[in-house]
């Protein structure tokens with residue numbers, strides 16, 4: 001499902017216009033992005049949690065030369081599915 005299909009589904013399910021559904025989806029995405037940028041976790045009970053995880057600096061190898069390189073530490077967005085969502089997918 002792509003973004004326009006998701007907007008159509010939201011509009012139908014919530015009885016909104018496509019424009020309103022698009023604005024609602026864009027607003028949700030912006031709020032989640034802002035919260036993650038500030039280091040907060042966004043939890044939707046039963047659905048899952050969006051959070052930022054820290055990945056430590058580590059050693060790697062350049063596949064072309066075989067030379068050892070240092071891969072910098074990074075912050076990565078992460079999603080952890082909730083129990084209800086897991087159960088729904090596995091039923």
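The values are calculated or read from the model by the stated rules, or taken from the named source; none is laboratory data. Keep in mind it's a predicted model, so treat the numbers as computed, not measured. Neighbour counts run over all protein chains shown; Cβ positions are idealised from the backbone, glycine included.
Sort through 18, 30 and tell me the only one that's over 22 Å from the mean Cα position of the chain (by Cα) and modelled with pLDDT of 95 or more. Working first, answer last.
Details: 30 fails: over 22 Å from the mean Cα position of the chain (by Cα).
Result: 18 is the single residue among 18, 30 that is over 22 Å from the mean Cα position of the chain (by Cα) and modelled with pLDDT of 95 or more.
Which of the residues belonging to the stretch 44-66 are free of Cβ contacts under 8 Å to residues at least 12 places away in the same chain and not in a loop (DSSP other than H, G, I, E, B)?
Correct list: 60, 61.
So which residues in the stretch 1-16 are without any contact (Cβ under 8 Å) to a residue 12 or more places away in the chain and either closer than 29 Å to residue 75 by Cβ or not in a helix (DSSP H, G or I) (or both)?
First, the residues of the stretch 1-16 that are without any contact (Cβ under 8 Å) to a residue 12 or more places away in the chain: 1-2, 4-5, 9, 11-16.
If the condition is that a residue be without any contact (Cβ under 8 Å) to a residue 12 or more places away in the chain and either closer than 29 Å to residue 75 by Cβ or not in a helix (DSSP H, G or I) (or both), then 1, 2, 15, 16 are the ones that fit.
Can residue 19 be described as surrounded by 10 or more Cβ atoms within 10 Å (Cβ to Cβ), part of a helix (DSSP H, G or I) and in contact (Cβ under 8 Å) with a residue 12 or more places away in the chain?
Against the criterion (surrounded by 10 or more Cβ atoms within 10 Å (Cβ to Cβ), part of a helix (DSSP H, G or I) and in contact (Cβ under 8 Å) with a residue 12 or more places away in the chain), residue 19 does not qualify.
Considering only the stretch 34-43, I want to know if a residue exists there that is part of a helix (DSSP H, G or I), at pLDDT 95 or above, under 18 Å from the mean Cα position of the chain (by Cα) and surrounded by 14 or more Cβ atoms within 10 Å (Cβ to Cβ).
Yes, some residue in the stretch 34-43 is part of a helix (DSSP H, G or I), at pLDDT 95 or above, under 18 Å from the mean Cα position of the chain (by Cα) and surrounded by 14 or more Cβ atoms within 10 Å (Cβ to Cβ).
Out of curiosity, is residue 24 modelled with pLDDT of 95 or more, surrounded by 12 or more Cβ atoms within 10 Å (Cβ to Cβ), assigned to a helix (DSSP H, G or I) and not assigned by TED's automatic domain parsing to the domain that holds residue 89?
In short, yes.
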